[in-house]
Amino acid sequence: MTVLPVRLFGDPVLTEPAAPITDFDAELRRLVKDLHDTLDDQQGSGLAAPQLGIGRRVFVFDVMGTRGHLVNPTLQFPDEQEQDGPEGCLSMPGLYFDTKRRMNVVAKGYTMHGDALQIVGDGFLARCLQHETDHLDGVLFIDRMDSERRRAAMREILAADWHGTVKVSPHGGGFWQRR
């Protein structure tokens, strides 16, 4: 089991678009396993590679008995129906903010073996698929809020006990979370 540190709000990797995956190899399979191990350890619903400091287009999810991963995802929305409710992020631990999302989504991409995959989700699964795909695009869920909600969220983020715990890794090439 490999549990890796989750990057926190303020780490630049969280706001950079991730690169598409072109090699469906042992390295990708190891990354998917590490993502699942870390997600399980954190008891979250979804985790994207950039949250581990890896700028690749893959995420894992575990939502109400639906567990999986998606490589190079694209999203389609079959209707205009929306939901508005609490959303959190492992990169902003302990904080939840009401965020508008689409109610229904069709996510298309690939498995870690390169097989085409389609996931149809509604409600919380749709929210998770949108949230994790946003991470791959360098978008944080607070970026989806109106300005009033975003200001209130930023006040809570700046007051959080974990804020400011991101620093340059002594091992080169990135940032890590001090625990």
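The values are calculated or read from the model by the stated rules, or taken from the named source; none is laboratory data. None of the values given here were measured: they were computed from a predicted structure. Glycine gets a Cβ as well: all are built from the backbone with ideal geometry, and neighbour counts include every protein chain shown. Quick note on the areas: whole protein, heavy atoms, side chains included, nothing else; ligands and nucleic acids left out. Shrake-Rupley method; radii C 1.70, N 1.55, O 1.52, S 1.80 Å.
Numbers for the structure displayed
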read-out: Positive minus negative residues near Thr74 (Lys, Arg vs Asp, Glu; Cβ under 12 Å); value: +1
read-out: Alpha-carbon spread of the chain, three principal axes, descending order, Å; value: 43, 43, 26
read-out: Average accessible area per residue (Å²) across segment 1-92 - probe 1.4 Å, nucleic acids and ligands excluded; value: 46
read-out: Where only alpha carbons of segment 2-79 are counted, the Rg and the Dmax (Å); value: 12.6, 39
read-out: Leu95 long-range amide H proximity, modeled H, under 5 Å; value: Cys89
read-out: For the chain, built as a Gaussian network whose Cα springs stay under 10 Å, the top-fluctuating residue of Ala48, Ala107, Ala153; value: Ala153
read-out: Euclidean distance between Cα centres, segment 1-58 to segment 72-134, Å; value: 16
read-out: Spin-label pair Phe24/Lys100, simplified geometry with 7 Å Cα→Cβ offset, distance in nm; value: 3.7
read-out: Sequence-separation-based contact order of the chain, relative, with Cα cut under 8 Å and 6+ spacing, percent; value: 25
